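Presented below is the structure to which this report refers.
The values are calculated or read from the model by the stated rules, or taken from the named source; none is laboratory data. Computed from a prediction, not measured in an experiment: that's the story for all the values here. Don't worry about glycine lacking a Cβ; one is built from the backbone with ideal geometry, like all the others, and counts go over all protein chains shown.
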Amino acid sequence: MDMLRAKYFIVTICSICLISSAKGQLDIRKQQKHHYGIGVNGGINFGQLADHYPVNIGFDLIYLRSISSRIHLGASTGLAYYFCSTSDGKNSGALSEGDFPIIPLTFSFRVSPFKNFLWGMDIGYAASLNSEIEGGFYGSPRGTFFIGDRMPVFVGFRFMPLDENLHAVQFGIGYLLN
């Protein structure tokens, strides 16, 4: 299991390095003061519950307000859907009772260290829609790179330290609405 965690960590770091070294066309610091966006994401889960919930997909809604040319604060929500494996270890491939959907309600913080790149964190509460699993603390550090004027691509990490840990390496793409 430790080798698996090491592989996910290495993939995440390499992805962040590749994304941050790419060139883009948008300077997020010259944009408007208010930013509204939507996004879709998917991830590979690990942690103590990863055998039961191997993959997830989701969508995000975010609002950011520029506090300065490099600092952005806001809020985000969405839906993250963790698919349950069947008892034989295979993914059920369809929505099932054992799946674990959550609605994260978070405070969002982003810093723009250089053109076209944001680094930040979503921190808050994950409300569970599965009555068998309680919600709890939610965190999601991420690096975001802009491709074109309105298309952010991100790589990040989602963690929820529940009774048994559930973490995920996330990849996603979004669209700025304004």
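Of all residues in the range 105-122, those that are in contact (Cβ under 8 Å) with a residue 12 or more places away in the chain have Cβ atoms under 7 Å from Cβ atoms of residues that are crowded, with 21+ Cβ neighbours inside 10 Å and of a type in the set (D, E), 6 or more apart or on another chain, in T106/D122; S108/D122. Among residues belonging to the range 85-105 that are under 26 Å from V153 (Cβ atoms) and surrounded by fewer than 17 Cβ atoms within 10 Å (Cβ to Cβ), point out the one that is modelled with the lowest pLDDT. Once the filter is applied, the top-ranked residue is N91. The set of residues in the range 130-160 being among the aliphatic types (A, V, I, L, M) and modelled with pLDDT of 90 or more consists of I147, M151, V153, V155. Is the range 106-124 home to any residue that is under 17 Å from L162 (Cβ atoms), assigned to a strand (DSSP E or B) and modelled with pLDDT under 90? Looking for residues that are under 17 Å from L162 (Cβ atoms), assigned to a strand (DSSP E or B) and modelled with pLDDT under 90, one finds none in the range 106-124, hence no. Selection of the range 40-75 for residues being surrounded by 20 or more Cβ atoms within 10 Å (Cβ to Cβ) and within 11 Å of the chain's Cα centre (by Cα) yields N41, G43, N56, G58, D60.
Taking the criterion of being closer than 19 Å to D99 by Cβ and assigned to a loop (DSSP other than H, G, I, E, B), the only residue of the range 60-85 that qualifies is C84.
Please verify whether I57 is farther than 22 Å from I103 by Cβ, modelled with pLDDT of 90 or more and of a type in the set (V, I, T), treating the condition exactly as stated. Taking the combined requirement at face value, the residue does not satisfy it.
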